[in-house]
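The values are calculated or read from the model by the stated rules, or taken from the named source; none is laboratory data. All values derive from a computational prediction rather than experimental measurement. Glycine also receives a Cβ, built like all others from the backbone with ideal geometry; neighbour counts cover every protein chain displayed. Calculation scope for accessible area: heavy atoms of the full protein, side chains included, ligands and nucleic acids excluded. Shrake-Rupley method; radii C 1.70, N 1.55, O 1.52, S 1.80 Å.
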Amino acid sequence: MQKIAAKVTDQLGFFETNDPTRLAEEYGTPLYVYNERILRQKCRELKGLVKYPNFVVDYSAKANSNLAFLQIVHSEGLEVDAMSPGEIYLELMAGFAPRQIFYICNNVSEEEMKYAIDKGVITSVDSLSQLEQYGRLNPGGEVAVRFNPGVGAGHHEKVVTAGKKTKFAVDAELVPQVKEILAKYDLKLIGINQHIGSLFMDGKAFTQSVASLLEIAKQFPGLEFIDMGGGFGIPYHKQTDEPPLDLADLGHHLDETLAAFAKEYGREVTFRIEPGRYISAECSVLLGTVHAVKENHGKKFIGTDIGFNVLQRPIMYDSFHGIEVFRSSDKKSTKEETVTVVGNICESGDILAKDRVLPEIFEGDTLAVLDAGAYGQVMSSNYNSRLRPAEILIRENGSVQLIRSRDTLDDLMRHQIPLEDESSNL
Ligand code: LLP
């Protein structure tokens, strides 16, 4: 195998003792590859964010809810958030106790809310009407409320979840109404939470939002926890040396704020965060195969099997993912050129990387898309009746375990119900 561009995975020792082109051959592509050592390291980095003693990291499972992945996170002593009964279900399957799961729901039915209540999972609601619904379903129960701290952040407007333009959370001015509903149903507010949005690279907006959340907290004397949310960013441009988020600096600021609050509040409170991307993105690459190289009107296209059914982020948010190149053939080239890397979906917008300068790429090359572990496989689909990819885990000893098999054609028939009167033709 020739490593044509492999700086990032090389530095990380990402493939351990494995050859990526062999993995691609053995398991087929597209293929999500995870590295257990890096995943564990990311969990530990965030557990050490602050010195404040009552601190819990809830992994935000929406970023990656693979069962084996959740089991590793659980074994690192993290807890989890959930956005749906499906996530609660998977988290219970992965070994989390109900009290280690925090259900942060948004606009859910009575049935969904009841699922969490019946399982003994603490629920956070984010509107007055959902608080009423919770009160009707579980009078006298414990509940949390998600507030809008007024400050948002994120890599794209679609993922900013606080501030003035969002469907999420309860405005701080509505504290009196929240109190009324709590009293009406004899509910105990045990926690408040926020999530300002996904991916900040400097902690300013986050620390500002924490300060506003703590002002809200002071209006509720009996809180057991305050959840500051997720959004901790990772550098997607690491091939050009984009620096990582300065966790030490952020932790230092937070520590000052949390200690001051704890003193004033006069009661031991647990502080929580709920990072998804920071934990899951960098421990994964997505391998794909180049099946065609062509030029259309002076533009060079690299045709791969990584359509937007496999990785949606580039077309959904114009997101950038670094690309590395591995070659099993002995083709030689030191040329770089500007190319557009595309998938195999029937839309011209099916673009993984537009006008990107990359080493010359040939048919049969294996591409590794970096930082694919967050919002990658979980957002994949069967569009064009394509099969969702497999996932493998490189264990700490370098061995490889399949942790999700690729869809099969039979999976496309699961849940399909043929017409009754024409079934004889099938
Ligand atoms: N907590 C709540 C309530 C959330 O809604 C989210 C993400 C998180 C925590 C975790 O955020 P993180 O630490 O991963 O930034 N699909 C988009 C990101 C959507 C984020 C949705 N909510 C993407 O691919 O960038």
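Within 14 Å of the ligand (Cβ to nearest atom) and either charged (D, E, K, R) or farther than 22 Å from Asn107 by Cα (or both) - does that describe any residue in region 175-196? Break it down stepwise before answering.
Pass one, region 175-196, residues within 14 Å of the ligand (Cβ to nearest atom): 191-196.
Filter once more, keeping what is either charged (D, E, K, R) or farther than 22 Å from Asn107 by Cα (or both): none.
There is no residue in region 175-196 that is within 14 Å of the ligand (Cβ to nearest atom) and either charged (D, E, K, R) or farther than 22 Å from Asn107 by Cα (or both).
Residues checked against (1) modelled with pLDDT of 95 or more; (2) hydroxyl-bearing (Ser, Thr, Tyr):
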{"position": "Leu78", "(1), (2)": "yes, no"}
{"position": "Ile88", "(1), (2)": "yes, no"}
{"position": "Gly95", "(1), (2)": "yes, no"}
{"position": "Ser109", "(1), (2)": "yes, yes"}
{"position": "Lys114", "(1), (2)": "yes, no"}
{"position": "Val121", "(1), (2)": "yes, no"}
{"position": "Glu132", "(1), (2)": "yes, no"}
{"position": "Phe147", "(1), (2)": "yes, no"}
{"position": "Gly154", "(1), (2)": "no, no"}
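Assess whether Gln219 counts as being away from the ligand (no atom under 12 Å from the Cβ) and assigned to a helix (DSSP H, G or I).
no
In region 351-379, what residues are touching an Asp or Glu at 6+ places or on another chain (Cβ under 8 Å), of a type in the set (Gly, Ala, Ser) and within 13 Å of the ligand (Cβ to nearest atom)?
Matches in region 351-379: Gly373 only.
Yes or no: Leu393 open to solvent by less than 60 Å² (accessible area, probe 1.4 Å), assigned to a loop (DSSP other than H, G, I, E, B) and out of contact with any Leu (no Cβ under 7 Å at 6 or more places or on another chain)?
So Leu393 fails the test.
Do you know which residues across region 262-319 are surrounded by fewer than 16 Cβ atoms within 10 Å (Cβ to Cβ) and within 12 Å of the ligand (Cβ to nearest atom)?
Met316, Asp318
Do the conditions hold for Phe200, that is, is it within 13 Å of the ligand (Cβ to nearest atom), open to solvent by less than 40 Å² (accessible area, probe 1.4 Å) and within 20 Å of the chain's Cα centre (by Cα)?
Taking the combined requirement at face value, the residue satisfies it.
Listed residues Met93, Met113; which is of a type outside the set (Val, Ile, Thr) and surrounded by 19 or more Cβ atoms within 10 Å (Cβ to Cβ)?
Only one candidate qualifies: Met113.
Are there helices (runs of 4 or more DSSP H) fully within region 31-133 with at least 2 residues that are touching a strand residue (DSSP E or B) at 6+ places or on another chain (Cβ under 6 Å)? List them. Walk me through how you get there before you give the answer.
Working: elements: 36-47, 67-75, 85-93, 110-119.
Result: 36-47, 67-75, 85-93.
So which residues in region 176-207 are polar (S, T, N, Q), modelled with pLDDT of 95 or more and in a loop (DSSP other than H, G, I, E, B)?
Gln194 - this is the single residue of region 176-207 that is polar (S, T, N, Q), modelled with pLDDT of 95 or more and in a loop (DSSP other than H, G, I, E, B).
Answer with yes or no whether Gly140 is open to solvent by 10 Å² or more (accessible area, probe 1.4 Å), away from the ligand (no atom under 16 Å from the Cβ), more than 21 Å from Gln177 (Cβ to Cβ) and of a type in the set (Gly, Ala, Ser).
When the stated conditions are applied, Gly140 does not pass them.
Going through region 148-164 one residue at a time, which ones are within 15 Å of the ligand (Cβ to nearest atom) and either assigned to a helix (DSSP H, G or I) or charged (D, E, K, R) (or both)?
Of everything in region 148-164, those that are within 15 Å of the ligand (Cβ to nearest atom) and either assigned to a helix (DSSP H, G or I) or charged (D, E, K, R) (or both) turn out to be Glu157, Lys158, Val159.
Consider Val210 carefully, then state whether it is under 14 Å from Gly152 (Cβ atoms), out of contact with any strand residue (DSSP E or B) (no Cβ under 7 Å at 6 or more places or on another chain) and modelled with pLDDT of 95 or more.
yes
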